[in-house]
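As structure tokens, the structure follows; a few thoughts come after it.
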Amino acid sequence: MGRRLNDPEHSRFASLILLSVALFSCVLVYAVVSTFLNPNVGSQDSSFESLEMVASGDLGERKDECCRGIENLELWGPAVKWGSEFKFDSSVECCQACKTMCSGNDGPCLCDTWVFCGNKEACGSRFGECWLKKQKDPLSPDRQDAGKSVIWTSGLIFGKGEGIVGMETEYGTLHIKLFPGCAPYSVAYILELLTMRHCVGCQFYRAESRGQSWDSEGNHIKDAPYGPPFALIQGILEAQGTPFNKMPTEACPTIRRGSVAWIGSGPEFFISLANHREWKNSYTVFGSVLPEDMEVAEKIVQLPTKSDVWNNINVSVLEKPVPLIMRRMKKSLGDLNSNVKPK
């Protein structure tokens, strides 16, 4: 983030000074990125890439970044591979085995659930067992058991046309493809919200346009500032009367146009209207809005706002918050996510 030292004639002392300035700049930028989204605490420049790349783990991170599961959880369901005869050394290999059965374009996944026993001491002779299963309803997986005494780690795989939920507002519905392999704990919480008849308190309360800094595809315009405005809509996903457990840090890819991510450990979240490479890998991304639905987000960002200051950052707050509710979508979604295909 600091300026490149181009002059070879700089003295060693000057170089040290410049290095110190560079380090300070990095710390300052990180602090700004951490705080400007959050009113309560100190709290990317390429075209939009397909959701398939994100859902399949192309995050610029480790290869196993999007083969995560939830520990101490045993998901149930009809087995398509019996763990007693199907073993691996790691949960990632078990997850990948399930993904290979969910890579076709014709029909639903043959496997959408993997269950792995990875603790040698606790599992004993069952260590390495990998059970591959198929849920009757991927958005409402069948649980066998959960808790510290459970020796299993479980994960979900959403194939083509699956794992899409609706964030319904009076201005339209944002269809969101969930990423259970990248952010399993976050997705589990969203699935819980689907069981509620209402989500009183869930709303968008901040809206900032792309301004003169990003084009309509979310690409940053050369030499333009990175905000404000910051090209996002921000809200909260916490139903009144329902305790919210802080989300752990999960996969943090580069923020793209359409990314849905937590601010810190939630329940505040945002949907990005632009590619934000300058934010680095700072936020857990648990889903992405289907490209054709971004027009709904663009409608919300055009609503009347008022200026405010959060942690010395100028922000735009909606004069009237926009209530939202999470909805299940019909199984038949046609080609809504024809470009979304976990590998």
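The values are calculated or read from the model by the stated rules, or taken from the named source; none is laboratory data. Because the structure is a prediction, the values reported are computed rather than measured. As a convention, Cβ positions derive from the backbone with ideal geometry for all residues, glycine included, and neighbour counts pool all protein chains shown. Note: areas computed on protein heavy atoms with side chains; ligands, DNA, RNA excluded. Shrake-Rupley method; radii C 1.70, N 1.55, O 1.52, S 1.80 Å.
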Taking protein heavy atoms only, a 1.4 Å probe, and rounding to whole percent, the accessible area of segment 73-156 owed to carbon and sulfur comes out at 50
Would you please give the residues with an amide H less than 5 Å from that of T305, counting only those at least 5 places away or on a separate chain, with H modeled from the backbone geometry?
E319
Give the span of segment 164-328's Cα atoms along each principal axis, as three whole-Å numbers ordered largest to smallest.
45, 33, 33
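Give the whole-number value, in cubic angstrom per residue, of the convex hull volume spanned by the C-alpha atoms of segment 73-156. Let's see the in-between values first.
Numbers: hull volume 7.0 nm³, N = 84.
For segment 73-156, the hull spanned by Cα atoms encloses 83 Å³ per residue.
Percent relative contact order of segment 164-328, based on C-alpha pairs within less than 8 angstrom and at least six residues apart?
Numbers: 376 pairs, mean separation 53.8, N = 165.
Over segment 164-328, the number comes to 33 percent.
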For D293, solvent-accessible area (1.4 Å; no DNA, RNA or ligand), Å²
20
Using only alpha-carbon positions, what ratio does the radius of gyration of segment 110-200 give when scaled by 2.2 N^0.38 Å?
1.29
Once phi for every residue in segment 278-291 is put through the Karplus expression 6.51 cos²θ - 1.76 cosθ + 1.60 (θ = phi - 60°), the whole-Hz ³J(HN,Hα) values, with Gly and Pro written as x, are 5, 7, 6, 10, 9, 10, 6, 9, 10, x, 8, 5, 4, x
Provide the solvent-accessible area of M329, counting protein heavy atoms only and rolling a 1.4 Å probe, rounded to the nearest 10 Å².
40
I want to check the label-to-label distance for T249 and K120. Put each point 7 Å from Cα in the C-beta direction and report it in nm to one decimal.
2.9
Applying the Karplus parametrisation 6.51 cos²θ - 1.76 cosθ + 1.60 with θ = phi - 60° to the phi angles of segment 182-198, what ³J(HN,Hα) value in whole Hz is obtained for each residue in order, glycine and proline being reported as x?
8, 9, x, 5, 5, 5, 4, 5, 4, 5, 5, 4, 5, 7, 8, 6, 9
Could you give me the ³J(HN,Hα) list for segment 120-130, computed from phi with Karplus coefficients 6.51, -1.76, 1.60 and θ = phi - 60°, whole Hz, x at Gly and Pro?
4, 5, 6, 7, x, 5, 8, 4, x, 4, 10
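Once you keep just the Cα pairs under 8 angstrom separated by 6 or more residues, what percentage relative contact order results for segment 73-156? Write down the numbers at each step before the final one.
Working: 170 pairs, mean separation 38.0, N = 84.
Relative contact order comes out at 45 percent.
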